[in-house]
1. Kindly indicate whether any position in segment B:19-28 is more than 10 Å from DNA strand C (Cβ to nearest atom) and within 20 Å of B:His105 (Cα to Cα).
2. Please specify each residue of segment A:103-154 satisfying the condition of being touching a Phe, Trp or Tyr at 6+ places or on another chain (Cβ under 7 Å) and among the acidic types (Asp, Glu).
3. Here are the criteria: (1) modelled with pLDDT of 95 or more; (2) β-branched (Val, Ile, Thr); (3) more than 16 Å from DNA strand C (Cβ to nearest atom). Tell me which single one A:Val96 does not satisfy.
4. Among the residues of segment B:50-60, is there at least one that is within 12 Å of DNA strand D (Cβ to nearest atom), aromatic (Phe, Trp, Tyr), under 19 Å from B:Phe15 (Cβ atoms) and touching a helix residue (DSSP H, G or I) at 6+ places or on another chain (Cβ under 6 Å)?
5. Go through (1) on the phi > 0 side of the Ramachandran plot; (2) within 14 Å of chain A (Cβ to nearest Cβ); (3) touching a helix residue (DSSP H, G or I) at 6+ places or on another chain (Cβ under 6 Å) and name the single condition B:Gln90 misses.
6. Out of the residues in segment B:12-48 meeting the condition of being hydroxyl-bearing (Ser, Thr, Tyr) and in a helix (DSSP H, G or I), tell me which one is farthest from DNA strand D (Cβ to nearest atom).
7. Within segment A:92-102, which residues are crowded, with 19+ Cβ neighbours inside 10 Å and without any contact (Cβ under 8 Å) to a residue 60 or more places away in the chain?
8. All but one of (1) within 11 Å of DNA strand C (Cβ to nearest atom); (2) surrounded by fewer than 21 Cβ atoms within 10 Å (Cβ to Cβ); (3) more than 21 Å from the chain's Cα centre (by Cα) hold for B:Val40; which doesn't?
Protein chains: 2
Amino acid sequence: MKYSISKENYLKAIFHLQNENGVVTTNELAAALLTKPASVTDMLKKLKAQRLLIYEKYKGFKLNNEGRKVALQIIRKHRLWEYFLVEKLQFGWDEVHEMAEELEHFTHKKLIDRLDTFLNYPKSDPHGDPIPDSNGKFDQQQKQISLPHLSLHRTAKVLAISPQTKEILELLQHKNILIGTKIEVKKKFSFDDSLELKVNNRTAVTISAAVAKSILVNDDQ
Amino acid sequence: MKYSISKENYLKAIFHLQNENGVVTTNELAAALLTKPASVTDMLKKLKAQRLLIYEKYKGFKLNNEGRKVALQIIRKHRLWEYFLVEKLQFGWDEVHEMAEELEHFTHKKLIDRLDTFLNYPKSDPHGDPIPDSNGKFDQQQKQISLPHLSLHRTAKVLAISPQTKEILELLQHKNILIGTKIEVKKKFSFDDSLELKVNNRTAVTISAAVAKSILVNDDQ
DNA sequence: TATTTTTTTTAGATTTGTCTAAATTTAATT
DNA sequence: AATTAAATTTAGACAAATCTAAAAAAAATA
């Protein structure tokens, strides 16, 4: 029941990728993990041997039930640590990812459950991503849409940023767009799909299409 | 400036051993790390090559300044995590060692300094061991003596337990002997050097010589 | 469908930390 | 001082995770 750091990272990456496409390819995963396809193939064999993966040569792969369960526990650890680092240790939401990335691998179930209690069972991390509970279940989530799909002049609340690169987070931090921030789309420019926003009912801010796509807001019709 | 988990554990173990004897031997260290002398020799070469160690073949070894500095930072991390686990997550003092043992290797300086602040700069961990500050300095410590050296009928306070095996901690927990507990030696039996104690001015408790040696109390004459 | 390109896998090497067994050095004992 | 015993080091091997280069399979294109 104990997996190496490397294996845990593979499981987590596969989990995230298959949530987008259903099935994952070797090259895709290699890119996500900043490693080589040959290394991925090696590891896939091991994960399959440990019955965490559905995989046939040349056919792509995905997690089975057990693999998904393990991945969710790691994600739980990651997000609870992020919450702790921001809420208790006063780190910025854009600087906690790497730290959580390490801590998640050295946190036994008992420890993370106590941390969860200490933090009072938060439902989402500082980036707005949902935190699985002790059994690996997500809370009922609000329906999310990305900013380009939000109708003009409807005010919505930022729920998450995805993907969360250091660079995007830095940019949003600077423009005062955080989880929970109120946003209204004032104008869409078809020339480059950039958007002009009203942030927190006050400042006017312009963002590119790329940035807009990464901002997820609530969609309550 | 980044060392492997294994190297960090070697440095920490050498630090503790040389505090008792000045110089450390291969067999001694192998026993402390539950590994083989041959493995120790291999690692010593690497640590020497990295200039963390003073070492000549067949002559024993000890940390140099740099090695000591690194060891102290790891010990700081370990003890702060222990404090956190007991004070904030409500673990027992006898169950936090293993967890801290893992976390200590994945905690960057910036993180541990913030944790220190969050915990309000504790001076010692749940076992009474002093926590080095951000620069690796210990606070002025009270002079400690082990229980067999405490004069009869003088009340003293438990400052630390050393060494801290799971087994001793469990035994002491059971007998209600904790850091801070008041102890008076009522009787010394020369037959087996066992002691009869009064604990917290109330209960009478008998402990063996082995246990007594591991209990450190304050020595203010 | 045949050929080219892309993707994936295999083969073999490398690094880190470990091991066992054998050799060497130092310490202890006769 | 010679011999035995203990401690330490060397030599060679192994497992995990990675890599490069080459081979094989699948997909795309002509």
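1. No, every residue in segment B:19-28 fails to be more than 10 Å from DNA strand C (Cβ to nearest atom) and within 20 Å of B:His105 (Cα to Cα).
2. Once the filter is applied, which keeps residues that are touching a Phe, Trp or Tyr at 6+ places or on another chain (Cβ under 7 Å) and among the acidic types (Asp, Glu), segment A:103-154 yields A:Glu104, A:Asp125.
3. With (1) modelled with pLDDT of 95 or more; (2) β-branched (Val, Ile, Thr); (3) more than 16 Å from DNA strand C (Cβ to nearest atom) applied to A:Val96, the lone miss is (1).
4. yes
5. Condition not satisfied by B:Gln90: (3).
6. Here is the first cut: in segment B:12-48, the residues hydroxyl-bearing (Ser, Thr, Tyr) are B:25-26, B:35, B:39, B:41.
Going one step further and asking which of them are in a helix (DSSP H, G or I), we end up with B:26, B:39, B:41.
Numbers: B:Thr26: 4, B:Ser39: 8, B:Thr41: 4 Å.
Taking the candidates together, the pick is B:Ser39.
7. Answer for segment A:92-102, where residues must be crowded, with 19+ Cβ neighbours inside 10 Å and without any contact (Cβ under 8 Å) to a residue 60 or more places away in the chain: A:Val96, A:Met99, A:Ala100.
8. (2)
The values are calculated or read from the model by the stated rules, or taken from the named source; none is laboratory data. Values in this document were obtained by computation on a predicted structure and should not be read as measured data. Glycine also receives a Cβ, built like all others from the backbone with ideal geometry; neighbour counts cover every protein chain displayed.
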